[in-house]
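A.B. asks: Dropping a structure here in structure tokens format, bear with me for questions.
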Amino acid sequence: MNVQIEAAAEKFKALLIEQLTRVEKMKALKDFLDFTTLSPIVIGVAAGDGIGPAITKEARRILAFLLADEVKSGKVEFRVIDGLTIENRAA
């Protein structure tokens with residue numbers, strides 16, 4: 001079991017390093033959106049089709065919980081983007 005935990009920890013470490021490196025590159029460009037200056041921060045929610053609506057519903061529920069204070073204060077809001085489906089794009 002320790003081998004599995006160590007392997008998972010190494011993969012997680014690699015992922016974190018990759019993402020932190022990506023963030024540093026974005027900061028160096030100085031051409032990124034400073035979310036501290038936005039009010040409100042709008043999070044677009046597009047359920048899509050297939051299993052998308054079920055996954056999106058749960059993801060939005062979790063985000064709403066995690067961002068409850070920000071949503072309540074008006075700093076963050078969710079907006080549904082209807083019609084973003086494979087059927088509509090293929091039409």
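A.B. asks: I need the full set of residues from segment 65-79 which are out of contact with any strand residue (DSSP E or B) (no Cβ under 7 Å at 6 or more places or on another chain) and in contact (Cβ under 8 Å) with a residue 12 or more places away in the chain, in order please.
C.D. replies: GLY74
A.B. asks: Taking the criterion of being modelled with pLDDT under 95 and among the small types (Gly, Ala, Ser), would at least one residue in segment 75-89 satisfy it?
C.D. replies: Within segment 75-89, one or more residues are modelled with pLDDT under 95 and among the small types (Gly, Ala, Ser).
A.B. asks: Quick one: would you say ALA47 is under 22 Å from VAL23 (Cβ atoms), small (Gly, Ala, Ser) and free of Cβ contacts under 8 Å to residues at least 40 places away in the same chain?
C.D. replies: Numbers: under 22 Å from VAL23 (Cβ atoms): no; small (Gly, Ala, Ser): yes; free of Cβ contacts under 8 Å to residues at least 40 places away in the same chain: yes.
No: the conditions fail for ALA47.
A.B. asks: Can you go through PHE32, PHE65 and tell me which one is surrounded by 10 or more Cβ atoms within 10 Å (Cβ to Cβ) and of a type in the set (Phe, Trp, Tyr)?
C.D. replies: Numbers: PHE65 fails: surrounded by 10 or more Cβ atoms within 10 Å (Cβ to Cβ).
Among PHE32, PHE65, only PHE32 is surrounded by 10 or more Cβ atoms within 10 Å (Cβ to Cβ) and of a type in the set (Phe, Trp, Tyr).
A.B. asks: Among the candidates GLU87, GLU70, GLU77, which residue alone is exposed (fewer than 10 other Cβ atoms within 10 Å of the Cβ) and charged (D, E, K, R)? Working first, answer last.
C.D. replies: Numbers: GLU70 fails: exposed (fewer than 10 other Cβ atoms within 10 Å of the Cβ); GLU77 fails: exposed (fewer than 10 other Cβ atoms within 10 Å of the Cβ).
Sole residue among the options that is exposed (fewer than 10 other Cβ atoms within 10 Å of the Cβ) and charged (D, E, K, R): GLU87.
The values are calculated or read from the model by the stated rules, or taken from the named source; none is laboratory data. All figures in this text were calculated on a predicted structure; none of them were measured in a lab. Please note: Cβ atoms are built from the backbone with ideal geometry, for glycine as well, and neighbour counts cover all protein chains shown.
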